[in-house]
Amino acid sequence: MMHHRRERVIHSSAPIRINDIGGWTDTWFSGEGKVVNMSARPGVKVRIRVTEGPPAAANRVSMHAVNYRETFSFDPNNPDFTVHPLLQAAVAACPPAGDQSLDITIQSAVPAGISTGTSASVCVALLGALFSLRGDVPPPENIARMAHRVETEKLGWQSGIQDQISAACGGIRFIHMPSYPEFRTEILLLSENTRMELENRLCLIDPGGSHSSTALHEQVIRFLEKKGTGFRILRQLRDLADRAHLALLDGDLSDFGSIMSSNTELQRALHTDLISPEADRIIETARSFGAAGWKVNGAGGRGGSLTILGPGDPERRQRMKKALADLGGDIRELPVFLDDRGLVIDDIREPGQEPVGHSE
């Protein structure tokens, strides 16, 4: 008897998130939240090679985490979460059919742990590919909601809602969270000149190292439990998101840069560890070359990256970048460009069938 195994390949990708104005207000402990953020590529890429045929073995998902140089297999219906729990939890949230074996490769163009929402991007890209395998991909907003639940409900991690929205929906966005975790989102349609100037002047700077955003969240939550000052800072962060919304639509990048810097100082007030010594060195260098603004991305802390809105003059901007590179250590620029697509899926059905098994 001859069995036939059919193969197909699904590719998906999702952007990272940078330059989040109002971050920290998109959390369960904030109540209401307002955020302006930007999706950027290159981000995260996923490839799933699907083999269909006779009932597959229990550990029928093979995962290749390229950035970690790790490969492991697991049962999607009974994950143990001991290795890369996020990857296992995402597959378990949308498991393949019993006759399907998956060979999954995941790669990120930026390092993990630099406060650009890569965990959300991975989860969104993986869920998108898995739903494509089922033939029923939900709207981007629903993918974002599911990815958020994977982190918070399945794994019990601290996570705001903005990163998943940025990864799934793309674009420069204003996000309003009337109450956690519900949201409404608006894409900001900038003038062509503003968009071009913004893209030319934005720089993503990696100070080196990595951090645990969950650990930092816990520290901030302990501060917020004292009420008073912490919640006043959250209100000020929400106000900055409103201002950033208007500044971008007005094409006022000078004001927008000032808002970025103000946001960073509010992060410092929320917890001093959110702005690392490396970040301060980068900020001082950018300031000395006339940068319009700087924002420590996401949760921040040691290893957290920065978005710099460089000076308008291209030559001065290049001198700034050289000076940043000359700071030494592991400080480097990560080239990125703004993304409007969000989650992208390409499902390739291979026409051939490969016979496997034996004849009787």
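Here is the list for segment 154-256: GluC sites (Glu not before Pro) lying in DSSP coil, each with at most 12 other C-beta atoms within 10 angstrom of its C-beta, are Glu182, Glu225. By the rule of a C-alpha distance below 15 Å, with chain neighbours fewer than 8 residues away ignored, the aspartates and glutamates paired with Lys226 are Glu218. Among complete DSSP H helices in the chain, those whose alpha-carbon atoms stretch at least 15 Å along the helix's long axis and whose mean Kyte-Doolittle hydropathy reaches 1.0 are 118-134.
The stretch between Arg134 and Lys226, if pulled fully straight at 0.36 nm per residue, gains 28.4 nm over its current Cα-Cα span. Over the chain, the pair-distance histogram of Cα-Cα distances with 10 Å bins from zero comes to 5, 25, 31, 22, 11, 4, 1, 0 percent, rounded to whole numbers. Put a dot 7 Å past the Cα of Arg341, heading toward its Cβ, do the same for Val66, and the two dots end up 1.5 nm apart.
Loop-located trypsin sites (Lys or Arg not before Pro) in segment 304-353 (DSSP state not H, G, I, E or B) with no more than 11 neighbouring Cβ atoms inside 10 Å do not occur. Pop the C-beta distance of Arg184 and Val9 into the FRET formula with R0 = 45 Å and round what comes out to the nearest 0.05. With a Förster radius of 45 Å, E is 0.80. Note on Glu141 and Phe81: their simple-model spin labels are 2.9 nm apart, each label 7 Å out from Cα toward Cβ.
Pairs over the 26 Å Cα-Cα cut-off, from the set Lys34/Lys321; Lys295/Lys321; Lys45/Lys321: Lys34/Lys321; Lys45/Lys321. Taking the dipole about the Cα centre of segment 2-350, with the C-beta of Lys and Arg at +1 and of Asp and Glu at -1, give me whichever of Asn193, Asn77, Phe174 is farthest to the positive side. The residue sitting farthest along the positive end of the dipole is Asn77.
Any read-out appearing in this document is the output of simple, stated calculations on the displayed coordinates, not a laboratory observation. From a predicted model like this one, the values you see are computed outputs, not experimental measurements. A quick note on method: Cβ atoms are made from the backbone with ideal geometry, for glycine too, and the neighbour counts reach across all protein chains shown.
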